[in-house]
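Written out below as structure tokens is the structure these notes cover.
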Amino acid sequence: MYFKRTDIYLTNMKPALRQIALERMQILIKNAISNARTNPKLAQRQAGLAKRLSTKYRIRMPYDIRINFCKKCKKFIAPGVNARIRMGRSSVKSIRITCGFCNHTYRKIIQKSITKGQ
């Protein structure tokens, strides 16, 4: 006889676990950015742990954390240390981020802010 696992226990704990996991991810990424210049192996390890937390608890990484990972090789990139960041020169305002490991370049479009009343 098979018993179906109910999510009664998970619903009571999920918001607390989610909050703790998010806080831990932010702490790990903050430490990884500060260690990127002095100890790059430690920074990669800390960023990898943050990524594993998000997969273990099935939490989507916030945008400010997710932007620190290369889209092609999935390694942690710190701006100015192992990544190049340039402003686009075309009519579409964008930021170009180039990974220092795989030289993959991708763009982030900057949205124009519309002021109220115009």
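The values are calculated or read from the model by the stated rules, or taken from the named source; none is laboratory data. Just so you know, these numbers come straight off a predicted model, no measurement behind them. Quick reminder, even Gly has a Cβ in these numbers, built from the backbone with ideal geometry, and neighbours come from all protein chains shown. Ligands, DNA and RNA are excluded from the accessible area calculation, which covers all protein heavy atoms including side chains. Shrake-Rupley method; radii C 1.70, N 1.55, O 1.52, S 1.80 Å.
Cβ-Cβ distances below 6 Å connect the following pairs, each with a first residue in region 75-95 that is within 14 Å of ARG107 (Cα to Cα) and among the hydrophobic types (A, V, I, L, M, F, W, C), a second residue that is assigned to a loop (DSSP other than H, G, I, E, B) and open to solvent by less than 60 Å² (accessible area, probe 1.4 Å), and a separation of six or more residues or different chains: ALA83/ILE77; ALA83/GLY100. Only a single criterion out of (1) within 19 Å of ILE29 (Cα to Cα); (2) in contact with a Cys (Cβ under 9 Å, 6 or more places away or on another chain); (3) free of Cβ contacts under 8 Å to residues at least 40 places away in the same chain is not satisfied by ARG60, namely (2).
Per-residue answers, yes or no, for (1) in contact with a Ser or Thr (Cβ under 9 Å, 6 or more places away or on another chain); (2) open to solvent by 70 Å² or more (accessible area, probe 1.4 Å):
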position	(1), (2)
SER90	no, no
ILE97	yes, no
ILE109	yes, yes
LYS112	no, yes
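Look at (1) out of contact with any Ser or Thr (no Cβ under 8 Å at 6 or more places or on another chain); (2) under 20 Å from ILE110 (Cα atoms); (3) surrounded by 14 or more Cβ atoms within 10 Å (Cβ to Cβ) and you find that ALA43 fails only one, number (2). If you take the residues of region 1-23 that are aliphatic (A, V, I, L, M) and modelled with pLDDT of 60 or more, which of them is most open to solvent (accessible area, probe 1.4 Å)? Among them, the one singled out is ILE20.
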